[in-house]
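Notes for the one structure printed next.
The values are calculated or read from the model by the stated rules, or taken from the named source; none is laboratory data. As the structure is a prediction and not an experimental result, all values here were calculated from the model. Neighbour counts run over all protein chains shown; Cβ positions are idealised from the backbone, glycine included. Areas reflect the complete protein model, heavy atoms only, side chains present, ligands, DNA and RNA absent. Shrake-Rupley method; radii C 1.70, N 1.55, O 1.52, S 1.80 Å.
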Amino acid sequence: MKDLAGKHLVLTLTGGVACYKAAELCRLLTKAGATVQVVMSAAAEQFITPVTMQALSQLAVRTSQWDAQEPNAMAHINLTRAADAVLVAPCSADFIAKLAHGQADDLPSLLCLARPMDKVPLMLAPAMNREMWAHPATQRNLAQALADGATLLGIGSGEQACGEVGDGRMLEPQQILDAVIAFFQPKLLVGQHVLVTAGPTYEAIDPVRGITNLSSGKMGFAIARAAREAGAEVTLVAGPVHLPTPPGVHRVDVTSASNMLQAVMAQAQAATVFISTAAVADWRPEQAAEQKIKKDGSGQPPALRFVENPDILTTLAQSPRAQCGALFCVGFAAESHDLLANAQAKRQRKGVPLLVGNIGPATFGQDDNALLLVDAHVARELPRNDKLSLARELIADIALRISA
Ligand code: CTP
């Protein structure tokens with residue numbers, strides 16, 4: 001199912017160069033399953049035409065409260081009564097000022113004031129010059145708008161259309177889409193601090209080589225994102241992977257299993273849930289050579305000695321906080337066969353209340369997966385799906401367990 005299926009959004013454009021990005025945003029919102037009613041201020045029409053937005057949204061764009069097509073002549077009321085949210089993107093400094101003061105002198109500001117506040121949330125994606133953004137008047141107005149119930153989706157930073165560099169750029173359309181999707185997720189983990197490990201580890205043999213595995217980190221990153229969407233504080237300890245950090249997630253990059261253990265222990269005291277998704281290397285070379293190991297001409301490979309890595313999950317599961325129930329530990333099992341039997345045995349061996357089994361070769365690097373949730377009593381299958389959907393199901397399952 002698409003992430004915004006069944007949602008009806010009022011996408012409101014106010015004046016700013018970032019209006020050109022609203023076209024892409026509209027496309028992304030509709031592709032995610034939302035119906036989008038576009039409303040534009042007079043200033044927005046200076047930057048992009050309603051024709052473009054109509055073509056993308058497939059609905060006539062509203063620009064005036066005096067629109068004679070509205071049978072009751074009340075466009076500002078009608079627009080929000082069936083809406084699931086109003087999204088202002090780009091949201092200008094002037095529009096934030098209007099919101100703060102309850103002004104209602106054009107259709108965008110009217111509909112924001114006239115929306116039923118308890119049913120129709122208001123989300124803002126501001127866009128303006130960095131000096132305008134930093135101005136105390138803007139910050140004061142924004143604080144007031146947020147105190148009145150608006151949600152700030154975030155602010156971008158970097159090079160601006162005017163050539164200056166700083167805060168005030170509109171978030172990219174994909175970032176806004178992700179924030180809107182996150183907004184609608186059930187807030188099942190508010191007040192929880194979730195610590196997630198993800199990806200492989202890399203155990204150095206010498207400065208240019210090492211041993212690792214095929215884990216891509218996608219499942220762990222999806223879990224971190226789903227936990228954040230559910231309202232938790234999230235720390236993600238990631239092995240060497242090239243994946244973007246999910247919005248709002250605190251990320252700590254590590255290389256080896258020993259690094260990962262250290263990073264996890266540093267965060268564990270604050271955590272209430274630990275999800276050990278990482279494919280931690282079981283062994284490491286006893287001693288990494290300081291210089292590249294060269295061929296010696298004998299035709300014989302070097303004799304490498306391996307030692308076992310610390311078991312991060314077991315270490316945490318045996319910690320006093322886990323033992324007294326303050327830290328809920330969830331393990332993963334990457335198996336190649338006999339998933340149920342191996343997952344059940346591994347859950348007991350690791351001493352965790354919940355273990356998530358998956359077939360490693362069938363999922364490493366893929367965008368989808370199938371999970372088997374094993375606890376002391378039952379096993380529940382989560383059938384093959386994309387990793388983010390599975391991660392959301394897993395988070396809902398964990399939320400239920402820790403609230404019980
Ligand atoms: N794990 C860990 N530290 C390790 C090895 C594994 O924290 N040194 C965690 C993994 O993150 C996962 C769980 O233990 O949550 C099981 O990992 P897996 O690789 O499936 O199993 P192993 O413990 O390595 O056992 P085996 O290789 O015998 O299947």
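Points worth noting:
- Residue match in region 308-316 (condition: more than 29 Å from the chain's Cα centre (by Cα), more than 23 Å from Ala232 (Cβ to Cβ) and in contact (Cβ under 8 Å) with a residue 40 or more places away in the chain): yes
- The strands (runs of 3 or more DSSP E) found entirely in region 146-223 that carry 1 or more residues being farther than 18 Å from Trp133 by Cβ and in the same structural domain as Val264 (by TED's automatic domain parsing) are 193-198, 203-206, 209-211.
- Residue check, Asn358 within 29 Å of the chain's Cα centre (by Cα) and open to solvent by less than 60 Å² (accessible area, probe 1.4 Å): yes
- In region 321-336, the residues that are farther than 28 Å from Pro361 by Cα form Cβ pairs under 6 Å with partners that are more than 16 Å from the ligand (Cβ to nearest atom) and modelled with pLDDT of 95 or more, at six or more places apart or across chains, as follows: Leu327/Arg321.
- Qualifying positions in region 377-404 - open to solvent by less than 70 Å² (accessible area, probe 1.4 Å), more than 14 Å from Leu189 (Cβ to Cβ) and not in a strand (DSSP E or B): Lys387, Leu388, Ser389, Leu390
- You will find that of Trp66, Trp133, the residue that is in the same structural domain as Ile155 (by TED's automatic domain parsing) and assigned to a helix (DSSP H, G or I) is Trp133 and no other.
- All positions within region 286-339 that are outside any loop (DSSP other than H, G, I, E, B) and either away from the ligand (no atom under 16 Å from the Cβ) or surrounded by fewer than 13 Cβ atoms within 10 Å (Cβ to Cβ) (or both): Val307, Glu308, Pro320, Arg321, Gln323
- Among the residues of region 340-365, those identified as in a loop (DSSP other than H, G, I, E, B) and either without any contact (Cβ under 8 Å) to a residue 40 or more places away in the chain or within 12 Å of the ligand (Cβ to nearest atom) (or both) are Gly351, Val352, Phe364.
- Residue selected from region 232-285 under the condition of a type in the set (Ser, Thr, Tyr) and within 13 Å of the ligand (Cβ to nearest atom), by the criterion surrounded by the fewest Cβ atoms within 10 Å (Cβ to Cβ): Ser258
- So Leu79, is it more than 16 Å from Gly149 (Cβ to Cβ) and buried (at least 24 other Cβ atoms within 10 Å of the Cβ): yes
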